[in-house]
Structures are given as C-alpha cells and as structure tokens.
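Peer 1: A single structure is presented below for examination.
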Amino acid sequence: MAFQLKSDMTSFNTSLILSTMVVGPLATNTYIVGSQSSGQCLLIDPGAEANTIIAKVNELNLNVTYIINTHGHGDHNGAVRTIKNLTGAEYGINDKDIQVLGTSALWAPSIFPEYERPPNPDFYIRDAVPIEFTGVRLEVLETPGHTPGSVCFYAQGLLFTGDTLFKNSIGRYDIDGGNREQLIDSIRSKLFTLPPETVIMPGHGPQSTIETEINHNPFL
Ligand SMILES: [Zn+2]
C-alpha cells in the first residue's frame, strides 16, 4: 500500500491530520499529529520556534493534548516549555533520558539561545505502552543507542524515528550515553521488522521507507 506525502499537510485517513515543520538552527523536524474528529493533537519533538508551531496548530483548529519527545536532546525539546505554558499540554519522555534532558550540551544559551530548557515531564513514555486519545494512537518502541532513552513512535504505517534512523544515515552514538552496537541492534530488531512500506518520519532530513533503508542505508 503506497502512502505518499505530497505536501506539508496530509490527511492520512479520514480523521487523522499530519503536519511537518522544520524548526531551529539544527533544522529539527517537528510533527503535529491530530484528529479531525476530536480536534486534539500531539506534538512530536517541538524543538524551537514555539510561536510558529502554535500558529500552525491554531490554523489547523487543533488543541495540543500531549507534547512527546523521541529523546532528550535540546534541539528536540527546546520549545516544550513555552508551548506547555501556552496550551496546558502534558509533556512526556522516556525516563532513561532524564539525565540527557538535564545535561545536553545543547543547553548553551550563548551558542543556542533558541533552545529553552524543558520543564519536568508530566509522564514517562514506556516501551509498548501506547499514547492515545480520541482518534489517535501511537505505539511506543524503545530504541536505545542514540541516547539511552530514545524511542520511536508508530502509527498507521508512519514511523517517527527521532535521531535513531535517518534516510541513508543513523544517529550519533558518541555523546550522551550513546552506544553504536545498541543503536544498530535497535534498528535491526525493532524497526527493520516493521512492514517494508512503513514511512520513516525522521528527526532531521527527508522521509524514507523501511524497505529503502534496509536496501540502501550504508550504516546497516
Ligand atoms: Zn539527538
């Protein structure tokens, strides 16, 4: 089954809304995943530019219920604090990345003033415990290696991979508790076992598919 993203916003069934934004100095992909029927949405990795993200959410007539992170690096959560304050959304991350959240080298205001240190999470994201509200359900896959608490989210043929897997590349494993063997094992055992047509929505750069990365990713 082919799923094609032709534009910034695509309804990928009758009720789900998906919007991709590229934010901040490290060009992080922020995803809005919403439900037309409930008017609720969640944000995956709002890295910076909180006001631009909120404007997009408003344009889509959605309310932010959850803010979730694929991992603790500042370029993926630098807008969490402002968006949470403005919307009252609950913020979640895997508990194994709490230390990364506090110590990431990206919390250097002199270098990256765009990234705000996030607040304490309201809930922890756990392997195999889905995140859901009316009209939206994301499966959680723990994929340690880029950081100890890196996770991927899977919904309706879409896989949000954070910095675990990119088109033609993989995440760094040399900082913040990263581990190359763990990263490769996570990708092979948790991601490459998903349906080949699964569309990869990475934390940076263009989309891909599981089949394409199995066949062409030079790191795997
Ligand atoms: Zn990262």
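Derivation of every value follows stated rules applied to the coordinates shown; laboratory data play no part. The structure presented is a predicted model; accordingly, all values stated were derived computationally and were not measured. Virtual Cβ from ideal backbone geometry, glycine too; neighbours counted across all protein chains shown.
Peer 1: In a shell of Cβ-Cβ distance under 15 Å around Asn63, excluding Asn63 itself, what net charge do Lys and Arg (+1) and Asp and Glu (-1) give?
Peer 2: Result for the local shell: 0.
Peer 1: In the P(r) worked out for the chain, what percent of Cα pairs fall beyond 33 Å?
Peer 2: More than 33 Å apart: 8 percent of the Cα pairs in the chain.
Peer 1: Follow-up question, since we're still on this one. Stretched out fully, how many nm does the piece from Ile111 to Ser38 gain, at 0.36 nm a residue minus the Cα gap?
Peer 2: Between Ile111 and Ser38, full extension yields an extra 22.3 nm.
Peer 1: Calculate, axis by axis, the spread of Cα positions in region 157-220 along the three principal axes, and write the results as whole Å, longest axis first.
Peer 2: Result for region 157-220: principal-axis Cα extents of 31, 22, 19 Å.
Peer 1: Turning to a different aspect of this structure: Using only C-alpha atoms and all pairs of different ones, pull out the Kirkwood radius for region 28-75 in Å with one decimal.
Peer 2: Every distinct Cα pair counted, the radius reaches 11.0 Å.
Peer 1: Of all beta bridges DSSP finds with both residues in the chain, what is the antiparallel percent, to the nearest 5?
Peer 2: 65 percent
Peer 1: Under 13 Å Cα to Cα from Lys190, which aspartates and glutamates show up? Leave out anything in the same chain fewer than 8 places away.
Peer 2: Once the sequence-local aspartates and glutamates are set aside, what remains near Lys190 is Asp127, Glu139, Glu142.
Peer 1: Further question on the same structure: For Asn215 and Asp122 in the same chain, what is the full-extension length gain: residue separation times 0.36 nm, less their Cα-Cα distance, in nm?
Peer 2: Extending this stretch completely gives an extra 29.6 nm.
Peer 1: With a cut-off of 8 Å between alpha carbons and a minimum separation of six or more residues, what is the relative contact order of the chain in percent?
Peer 2: 15 percent
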